[in-house]
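A short worksheet on the structure shown next.
The values are calculated or read from the model by the stated rules, or taken from the named source; none is laboratory data. Computed from a predicted structure; not experimentally measured. Here Cβ is always computed from backbone atoms with ideal geometry, including for glycine, and neighbour counts include all displayed protein chains. Only protein heavy atoms, including side chains, enter the accessible area calculation; ligands, DNA and RNA are left aside. Shrake-Rupley method; radii C 1.70, N 1.55, O 1.52, S 1.80 Å.
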There are 2 protein chains.
Amino acid sequence: MTTVGEAGEHAVIAAIREAAPSARNGDDAAVLSMTTPNARYIASTDMLVEGRHFSLDWSTPEQVGAKAAVQNFADIEAMGARPTAILMGLSVPEDTELDVVRGIARGLREQGRKCAAELVGGDIVGGDSLVISITAMGELGGPGRPLVRSAARAGDTVIAAGRIGYSGAGLDLLTRYGSPAAVPEKFRELVDAHLVPDFAYGRGPVARAAGVGALTDNSDGLVVDLTDIAVASNVTIDIDEDAIAPSELLMAAADAVDTDPWRWVLAGGEDHTLLGTTSGEPPTGFRPIGTVHRDRGLPVSVAGREPWLRGGWVSF
Amino acid sequence: MTTVGEAGEHAVIAAIREAAPSARNGDDAAVLSMTTPNARYIASTDMLVEGRHFSLDWSTPEQVGAKAAVQNFADIEAMGARPTAILMGLSVPEDTELDVVRGIARGLREQGRKCAAELVGGDIVGGDSLVISITAMGELGGPGRPLVRSAARAGDTVIAAGRIGYSGAGLDLLTRYGSPAAVPEKFRELVDAHLVPDFAYGRGPVARAAGVGALTDNSDGLVVDLTDIAVASNVTIDIDEDAIAPSELLMAAADAVDTDPWRWVLAGGEDHTLLGTTSGEPPTGFRPIGTVHRDRGLPVSVAGREPWLRGGWVSF
């Protein structure tokens, strides 16, 4: 096995560019064009630290790269935009295997392929720990507004596209059983949801075209993320308990790790499910999960009551 | 003194947004518009690790932020574009003082003010070491081509805008004397050049408007960066020895730290001076420093001879 220290900076960069090729990569900076007239571009960044945000004991390097891409692309889609490009900053200890870096780049590429986004640039430096910084960019076509958090209105329906609570369940299963291989096969979907969230690309732009109001993604936890919308919009949100009730799979997993599955649903986060509000019918791929009100006290309630499980991801 | 761990994530983010405010910051992602028709946008990223790329013993947090901004804005200008926005990913140990984070954000803002670029987004996470990841974006107005490294042609004049070797000299002075305060006052300009390179914004777009061919910036060292142009363009470059000869200040500093000042000039890097090639007169702010040839053997020579001091910055 070759380490990045043995390979040297130029060989490492060459390996990344081979694993995730783009004609737009390689000069002082990447040059990016819009594909539609009057377009605006979107940018979002996330940082992931090994041992805090991911573990190479649980994830392959490809999964780490893919998850890093998903969480940024979800932020782009949550504005109603289409992901187009990604930049990666990487701090790596010298004894990191070159295959780890190559795998991370492959993961970015594989995920990027799902939405036609390329790795267009980056920086690699030595460091004491493995830190991945991803900046994703996207295109917001035409003159319409982006889907900001402050656009929820009383009377709107709260909508969601994708699983809620699956990533949190997967994390607890991994913690309980110690590794993906040790988790019972029947919980595979939950583990996979944690290692690489299954994001359906294109629903952000679909939501924008359909006139959706606010949109965000379930990154920090359902209650936390909907609270962001409620506070930014100066409204309150009531979630329909039945619409988010834990699936049988979640309940079985909760039995296995001896916890309350509602904790994953309400506070799990990292599903990157799109969450929004609309005055019309839910667009394709979205389902109703609640309603927006002028003022019912708490920013977010579940069936009119205080969510009994607070919390969500905080950095420190 | 409050640490970031004591303040908590929300207070840290609030402090950053207060230190570097932007109306475009705060949703899932930033939305950025072009100011000119048919524009393209430019993106570049750099990662800085404390103890490797900067030291809070030598630099104030403001200087760290400013330098991080400069080195990314220089990459944008080196494409002939105008910096417009910046994103910052920050990994911080929990015991980092909140004032350090606030200072870094202030430094970004101050440098951004020089070129009308704002901090439009970011991410802050806990980590074992202080790691700063900056992504800068810029605008390339109109339909003309960007200034790529591959556009040097035989017969062109090699041009430069700014000091060469000053940052390297400043680094050696800091290493020799141990702190900025201990370095003799007469070398202040060199130390300043290392802590926050003095970048003259606008010269990248000026060079593009003037029809300059290739453009890059002196980040890794004069010979290394001109070699990138020579190799990408399939030409050779001969540098005029007199045009880059060490100034009296550099010679005095070399005496003080007992080294050869040519080492700083040829291999110092981090000056972020724009380096390019043109078939016409050097544009405003640029001076001639050499000539481009079809094939004279070495990619880069000085007065026809092999540069006697190789090297430059490598990450590992």
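So which strands (runs of 3 or more DSSP E) are wholly in the stretch B:85-202 and hold at least 3 residues that are touching a strand residue (DSSP E or B) at 6+ places or on another chain (Cβ under 8 Å) and more than 13 Å from every other protein chain (Cβ to nearest Cβ)?
In the stretch B:85-202, the matching strands (runs of 3 or more DSSP E) lie at B:157-161.
Whether any residue in the stretch B:66-78 is at positive phi and buried (at least 24 other Cβ atoms within 10 Å of the Cβ) is what I want to check.
As a first pass, look at the stretch B:66-78 and keep what is at positive phi: none.
No, the stretch B:66-78 has no match at all.
Residue-wise test of (1) among the hydrophobic types (A, V, I, L, M, F, W, C); (2) modelled with pLDDT of 95 or more; (3) touching a Cys at 6+ places or on another chain (Cβ under 8 Å); (4) under 30 Å from A:Ala23 (Cα atoms).
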site	(1), (2), (3), (4)
B:Lys114	no, yes, no, no
B:Glu139	no, yes, no, yes
B:Pro143	no, no, no, yes
B:Ile159	yes, yes, no, yes
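Spot the failing condition for B:Gly162; the list is (1) open to solvent by 10 Å² or more (accessible area, probe 1.4 Å); (2) of a type in the set (Gly, Ala, Ser); (3) not assigned by the TED database to the domain that holds B:Thr291, and only one is missed.
The one condition B:Gly162 does not meet is (3).
Looking only at the stretch A:225-258, count how many residues are aliphatic (A, V, I, L, M) and closer than 21 Å to A:Gly80 by Cβ. Explain how you work it out, then say what you get.
Of the residues in the stretch A:225-258, the ones aliphatic (A, V, I, L, M) are A:226, A:229-232, A:235, A:237, A:239, A:243-245, A:249-254, A:256-257.
When the remaining residues are screened for being closer than 21 Å to A:Gly80 by Cβ, the result is A:226, A:229-232, A:235, A:237.
Residues flagged as aliphatic (A, V, I, L, M) and closer than 21 Å to A:Gly80 by Cβ within the stretch A:225-258 amount to 7.
Filter the stretch A:242-275 down to residues that are assigned to a loop (DSSP other than H, G, I, E, B) and of a type in the set (Val, Ile, Thr) and give me whichever is most open to solvent (accessible area, probe 1.4 Å). Give the derivation first.
From the stretch A:242-275, those assigned to a loop (DSSP other than H, G, I, E, B) are A:245-247, A:258-260, A:268-273; that's our starting set.
When the remaining residues are screened for being of a type in the set (Val, Ile, Thr), the result is A:259, A:273.
Details: A:Thr259: 41, A:Thr273: 6 Å².
Per the criteria, the residue is A:Thr259.
Say whether the condition of being more than 8 Å from every other protein chain (Cβ to nearest Cβ), more than 27 Å from B:Leu275 (Cα to Cα) and acidic (Asp, Glu) is met by at least one residue in the stretch B:19-35.
no
If you take the residues of the stretch A:276-301 that are among the basic types (Lys, Arg) and in a loop (DSSP other than H, G, I, E, B), which of them is modelled with the highest pLDDT? Write out each step before concluding.
So in the stretch A:276-301, the residues among the basic types (Lys, Arg) come out as A:287, A:294, A:296.
With in a loop (DSSP other than H, G, I, E, B) added as a condition, the list becomes A:294, A:296.
On the way: A:Arg294: 94, A:Arg296: 71.
Only one residue tops the list, namely A:Arg294.
For the list (1) surrounded by fewer than 23 Cβ atoms within 10 Å (Cβ to Cβ); (2) touching a Gly at 6+ places or on another chain (Cβ under 7 Å); (3) within 27 Å of B:Gly142 (Cβ to Cβ), I need the number of the one condition that B:Val224 fails.
All conditions are met except number (3).
Quick check on this structure: which one of B:Val31, B:Val49, B:Val4 is in contact with a helix residue (DSSP H, G or I) (Cβ under 6 Å, 6 or more places away or on another chain) and not acidic (Asp, Glu)?
Working: B:Val31 fails: in contact with a helix residue (DSSP H, G or I) (Cβ under 6 Å, 6 or more places away or on another chain); B:Val49 fails: in contact with a helix residue (DSSP H, G or I) (Cβ under 6 Å, 6 or more places away or on another chain).
Of B:Val31, B:Val49, B:Val4, the one residue that is in contact with a helix residue (DSSP H, G or I) (Cβ under 6 Å, 6 or more places away or on another chain) and not acidic (Asp, Glu) is B:Val4.
Have a look at A:Ser167, A:Ser133 and point out the one that is over 22 Å from A:Arg203 (Cα atoms), crowded, with 20+ Cβ neighbours inside 10 Å, among the hydroxyl-bearing types (Ser, Thr, Tyr) and within 22 Å of the chain's Cα centre (by Cα). Even if it seems obvious, please write down each step before you answer.
Numbers: A:Ser167 fails: over 22 Å from A:Arg203 (Cα atoms).
Result: A:Ser133 is the single residue among A:Ser167, A:Ser133 that is over 22 Å from A:Arg203 (Cα atoms), crowded, with 20+ Cβ neighbours inside 10 Å, among the hydroxyl-bearing types (Ser, Thr, Tyr) and within 22 Å of the chain's Cα centre (by Cα).
Report, ordered by the first and then the second residue, all pairs with beta carbons closer than 6 Å, sequence separation of six or more or different chains, a first member in the stretch B:186-207 that is open to solvent by 10 Å² or more (accessible area, probe 1.4 Å), and a second member that is aromatic (Phe, Trp, Tyr) and part of a helix (DSSP H, G or I).
Pairs that qualify, where the first residue is open to solvent by 10 Å² or more (accessible area, probe 1.4 Å) and the partner is aromatic (Phe, Trp, Tyr) and part of a helix (DSSP H, G or I), are B:Ala193/B:Tyr166.
Quick one: is A:Glu9 under 25 Å from A:Ala182 (Cβ atoms) and outside the structural domain of A:Ala182 (by the TED database)? If you could, list the steps in order and put the result at the bottom.
Details: under 25 Å from A:Ala182 (Cβ atoms): no; outside the structural domain of A:Ala182 (by the TED database): yes.
It is false that A:Glu9 is under 25 Å from A:Ala182 (Cβ atoms) and outside the structural domain of A:Ala182 (by the TED database).
Which one of A:Asp240, A:Asp220 is at pLDDT 95 or above and in the same structural domain as A:Ala182 (by the TED database)? Spell out the reasoning first.
On the way: A:Asp220 fails: at pLDDT 95 or above.
Just a single option satisfies the conditions, and that option is A:Asp240.
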